[in-house]
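The values are calculated or read from the model by the stated rules, or taken from the named source; none is laboratory data. The structure presented is a predicted model; accordingly, all values stated were derived computationally and were not measured. Methodologically, a virtual Cβ is constructed for each residue, glycine included, from the backbone with ideal geometry; neighbour enumeration extends over all protein chains shown. Ligands, DNA and RNA are excluded from the accessible area calculation, which covers all protein heavy atoms including side chains. Shrake-Rupley method; radii C 1.70, N 1.55, O 1.52, S 1.80 Å.
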Amino acid sequence: MSGGAALNNRYGAVLLIAAAAVFTADVSVLRFVSPEVPFAQIIFFRALSQLVIVALWIVLTQPARFGSSNWPRLVIRGGTSLICWWLYYASFQRLDLALASTLTFTTSLFVVALAPFIFGERIGGMRAVTTGIGFAGVAIASEVTTFAVDPGVLLGLGSAFAAALLIFQNRALARTEHTATIMFWIGLVATLGTLPAALWGWSEVGLTDWLLLITAGTLATLGMLLTVEAYRFGEVSALATFPYLRILFALLIGYVVFAEVVSWRALIGAAIIVICGLLAGRAERKVPM
């Protein structure tokens, strides 16, 4: 939490609830985009929306935040975000909203699993067991019955793994870089990174698809900003449960809008992942993708 911000857990909770709704709206809006629009184009508009919004934010506040002596690390951070986004949106294209949303919360489990290798941290027996049970919850929620795994589940887990790497990267960058600087470089690297693929398979986009793509990109950026702002005002421990409301929002939207019905096995698996994620990640600070 940034210095100078008055502690207000209630305000932080409201912001996180809003962020959960906004992130769910983001992936829901993209389901209405025409199938003819190439996937690379979707990611390009997502990145471009963030680049434009954050650039305007910096121009109106402190233009010096465009630059940084740590630009090589920011480029790597942006590249990791691009991979994370690619896998994240691909998983939502292939899975029900509830399951795809649930898989995003395995990030905390991956953080615990990677911590000994990246930072040499000792995680303790209890957290190790909790992490293992959490991954078992993935198998239950995914309704795996054989050794074959739905490719969408693998994409979701890949996205969560990349998000875990982002957390470690942010531990170093957050010491010297403002949130606006980090988000600008994410948008810049992701936009340039997707531009060749987007141009290669460019498809004429109708007005409706333009509006949907811009809306989704704006919602995703707004969700990130709301999350950052929430943890600036609230304590991580006090706000830990609120991001999981995304699963409830996904269940509701999935059922009402897309007629998706979730099985009891999927619900049980989701509950295991949520509980284990809270226990395994209670010491980890949430950061934007």
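Mind counting the residues in the stretch 188-234 that are more than 30 Å from N9 (Cα to Cα) and outside any helix (DSSP H, G or I)?
Within the stretch 188-234, residues that are more than 30 Å from N9 (Cα to Cα) and outside any helix (DSSP H, G or I) number 6.
Within the stretch 212-232, can one find any residue that is open to solvent by 20 Å² or more (accessible area, probe 1.4 Å), among the charged types (D, E, K, R) and within 22 Å of Q169 (Cα to Cα)?
Checked the stretch 212-232: at least one residue is open to solvent by 20 Å² or more (accessible area, probe 1.4 Å), among the charged types (D, E, K, R) and within 22 Å of Q169 (Cα to Cα).
For T194, work out the one condition from (1) among the polar types (S, T, N, Q); (2) closer than 21 Å to R65 by Cβ; (3) open to solvent by less than 30 Å² (accessible area, probe 1.4 Å) it doesn't fulfil.
Looking at each condition in turn, T194 falls short on (2).
So P196 clears everything in (1) more than 30 Å from R265 (Cβ to Cβ); (2) in contact (Cβ under 8 Å) with a residue 40 or more places away in the chain except one condition, right? Which one?
It is condition (2) that P196 fails.
Collect the residues in the stretch 250-265 that are in a helix (DSSP H, G or I) and β-branched (V, I, T), keeping them in residue-number order.
Correct list: I253, V256.
Looking at (1) buried (at least 17 other Cβ atoms within 10 Å of the Cβ); (2) of a type outside the set (S, T, Y); (3) part of a helix (DSSP H, G or I), which one does V33 not meet, given that it meets all the others?
Failed condition: (3).
Being of a type in the set (A, V, I, L, M), surrounded by 20 or more Cβ atoms within 10 Å (Cβ to Cβ) and modelled with pLDDT under 85 narrows it down to one of A280, A238, so name that one.
A280
Any idea how many residues of the stretch 235-249 are assigned to a helix (DSSP H, G or I) and over 16 Å from the mean Cα position of the chain (by Cα)?
5
Of the conditions (1) outside any helix (DSSP H, G or I); (2) in contact with an Asp or Glu (Cβ under 8 Å, 6 or more places away or on another chain), I167 clears all except one; give me its number.
(1)
Do you know which residues across the stretch 250-276 are among the small types (G, A, S) and over 18 Å from the mean Cα position of the chain (by Cα)?
Residues satisfying the conditions are G254, A259, S263, A266, G269, A271.
For the stretch 63-97, enumerate the residues that are under 18 Å from Q41 (Cβ atoms), among the aromatic types (F, W, Y) and either open to solvent by 80 Å² or more (accessible area, probe 1.4 Å) or assigned to a loop (DSSP other than H, G, I, E, B) (or both).
Passing the criteria: only W86.
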